[in-house]
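Below is one structure, written out as structure tokens, with a few remarks after it.
The values are calculated or read from the model by the stated rules, or taken from the named source; none is laboratory data. Computed from a predicted structure; not experimentally measured. Virtual Cβ from ideal backbone geometry, glycine too; neighbours counted across all protein chains shown. Just the protein is used for accessible areas: all its heavy atoms, side chains included, with ligands, DNA and RNA removed. Shrake-Rupley method; radii C 1.70, N 1.55, O 1.52, S 1.80 Å.
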Amino acid sequence: MLLPATFLWISWLSIVSAGNVNLGGPCSTSDNRLQVGTYQFYSDCDSVTYCASNGTCAHRGCRKDDFPFGYAQDADIPPKCPKGQFCPDEMDACQDVLPVGSACQMNRDDQCEGPPNYKDLQDTTHRGLNVNGSVCLNNICMWSNVTANENCVVQNTAYIGYIAGGGEFIDVVSRGNCRVGLYCDSKSLNCLEEKKLGDSCDADKECSTWNCLASGFCGPDQALDHTVNSWIYAVVGLGICGGMFGTLIGLFFLHLKQRDAEHERRQQYWHEQNAFHQSVSQMREAARMSILSLQAGSTMYGGNNSDDSHAPILQNVFTRISTSGLRNCNVQGDDEEFDEFMVQQPVQFRRGDGRF
Ligand SMILES: *[C@@H]1O[C@H](CO)[C@@H](O)[C@H](O)[C@H]1NC(C)=O
Ligand SMILES: *[C@@H]1O[C@H](CO)[C@@H](O)[C@H](O)[C@H]1NC(C)=O
Ligand SMILES: *[C@@H]1O[C@H](CO)[C@@H](O)[C@H](O)[C@H]1NC(C)=O
């Protein structure tokens, strides 16, 4: 199996493998070739031109990739070829797909015409086994239609991989014309069933998971390894819902508790106010009674003496307010009002301004 780092190195090489002759410059079609190890197409011309038959670099007539390399951001890029045609490696012009037995360029399965039953034969596993049921092996167009234990054609290609920091390794890619689900055995040249996970193997192509481990057994599919079991989705979903509802319920109870505390506080305040109001009423009553009795008993004493007679009652009221639990709660403007009330009322009482 090719490592991702290998692809990086191969693509880097493909960038530097293009020639450097610009549009209109001289070139030779005999220099067109596939690069050693990477099998990347090379010509004398740069990445936006091809070597025309008259020996000069001309504008390319088609492209293979959606995002071709080498063009400026706003440049006019050549078109992709329509269905039933292909763009050759030279990228000079679109051509019609080639019938079975025709010569094709290396690994260009798309240059070959598909079989009539292409829907049954085409590779839907995205492993590059064929394109539309056709395959280019040893530069000949074929169909991937060979059934189990029938003779097949195989093409083994050794790619050179480059390790970061220096060093090379060989990666052999083996392709055949067996139907999807079979592989072409290089020794017997017969199509054999692909092996399942855990079976012994010699090459990636033998495993249905496309991954033959160094230990000689078919390992898990590296491309599909990142699927997550459905129970993990369930656990994560439950976790999210649980977290959401837990927070909501927690906040609900917290709010309930705060509301009860506030309710109690207000009730206490009301009781205090009520008691205070009653005390004031009683005081007023007592004062009126004493004034009436004084007026009835003697006219020698004026209102000034009433201060002394009221002192114990005022003391009593003040003490009762001071014990209030509300004073210790530092919540809301009620306290402020109440404190003001507490400070001012005794002063007013002491003045003895005749309201009593
Ligand atoms: C060479 O051929 C190309 C493509 O056919 C053409 O565009 C170009 O003008 C030709 N150049 C010469 C010098 O004839
Ligand atoms: C596949 O091959 C068939 C038969 O040659 C052809 O009719 C069809 O258009 C091809 N499909 C694609 C996507 O090339
Ligand atoms: C299988 O494909 C080959 C070309 O590769 C073709 O000549 C042959 O007729 C096909 N066989 C069947 C049964 O379709």
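For segment 203-228, the set of residues classified as hydrophobic (A, V, I, L, M, F, W, C) and either open to solvent by less than 70 Å² (accessible area, probe 1.4 Å) or modelled with pLDDT under 90 (or both) consists of Ala203, Cys207, Trp210, Cys212, Cys218, Ala223, Leu224, Val228, listed by residue number.
Consider Gly101 carefully, then state whether it is on the phi > 0 side of the Ramachandran plot and within 39 Å of the chain's Cα centre (by Cα).
Details: on the phi > 0 side of the Ramachandran plot: yes; within 39 Å of the chain's Cα centre (by Cα): no.
In short, no.
Only one residue in Asn177, Asn149, Asn138 is open to solvent by 50 Å² or more (accessible area, probe 1.4 Å) and within 13 Å of ligand 3 (Cβ to nearest atom). Which one? The unique qualifying residue is Asn138.
Listed here are the residues, each with its yes/no results for (1) in contact (Cβ under 8 Å) with a residue 12 or more places away in the chain; (2) among the aliphatic types (A, V, I, L, M).
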{"position": "Asp171", "(1), (2)": "yes, no"}
{"position": "Leu197", "(1), (2)": "yes, yes"}
{"position": "Asp221", "(1), (2)": "yes, no"}
{"position": "Ile240", "(1), (2)": "no, yes"}
{"position": "Leu248", "(1), (2)": "no, yes"}
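Can you tell me which residues in segment 111-130 are more than 13 Å from ligand 3 (Cβ to nearest atom) and modelled with pLDDT of 95 or more?
Correct list: Gln111 only.
List the residue pairs whose Cβ atoms are under 9 Å apart, where the first residue sits in segment 264-275 and is open to solvent by 50 Å² or more (accessible area, probe 1.4 Å), the second is part of a helix (DSSP H, G or I) and not hydrophobic (A, V, I, L, M, F, W, C), and the two are 6 or more positions apart or on different chains. Between residues of segment 264-275 that are open to solvent by 50 Å² or more (accessible area, probe 1.4 Å) and residues that are part of a helix (DSSP H, G or I) and not hydrophobic (A, V, I, L, M, F, W, C), the close pairs are Arg266/Asp334; Gln268/Gly325; Tyr269/Asp334.
So, of the residues in segment 103-121 that are more than 16 Å from ligand 2 (Cβ to nearest atom) and in a loop (DSSP other than H, G, I, E, B), which turns out to be nearest to Trp143 (Cα to Cα)?
Start the filter on segment 103-121 by keeping residues that are more than 16 Å from ligand 2 (Cβ to nearest atom), which leaves 103, 105-107.
Retained after the next criterion (residues that are in a loop (DSSP other than H, G, I, E, B)): 105-107.
Working: Gln105: 15, Met106: 15, Asn107: 13 Å.
Selected residue: Asn107.
All told, Ala286 falls short of being in a loop (DSSP other than H, G, I, E, B) and in contact (Cβ under 8 Å) with a residue 24 or more places away in the chain.
When Lys64 is tested against (1) within 16 Å of ligand 2 (Cβ to nearest atom); (2) of a type outside the set (A, V, I, L, M, F, W, C); (3) modelled with pLDDT of 95 or more, exactly one condition is not met: (3). Remark: pairs (first residue in segment 61-76, in a loop (DSSP other than H, G, I, E, B); second residue surrounded by 10 or more Cβ atoms within 10 Å (Cβ to Cβ) and among the charged types (D, E, K, R); Cβ separation under 6 Å; 6+ apart in sequence or on different chains) = Gly61/Asp92.
Return the total of residues in segment 92-124 being surrounded by fewer than 17 Cβ atoms within 10 Å (Cβ to Cβ) and within 16 Å of ligand 1 (Cβ to nearest atom). Adding up the residues that qualify gives 2.
So, Val100, is that one assigned to a strand (DSSP E or B) and within 16 Å of ligand 3 (Cβ to nearest atom) or not? Considered against the rule, which asks whether it is assigned to a strand (DSSP E or B) and within 16 Å of ligand 3 (Cβ to nearest atom), Val100 comes out as no.
Beta carbons closer than 9 Å, at least 6 apart along the sequence or on distinct chains, pair a first residue in segment 95-107 that is among the hydroxyl-bearing types (Ser, Thr, Tyr) with a second that is open to solvent by 40 Å² or more (accessible area, probe 1.4 Å) and part of a loop (DSSP other than H, G, I, E, B) for Ser102/Glu113.
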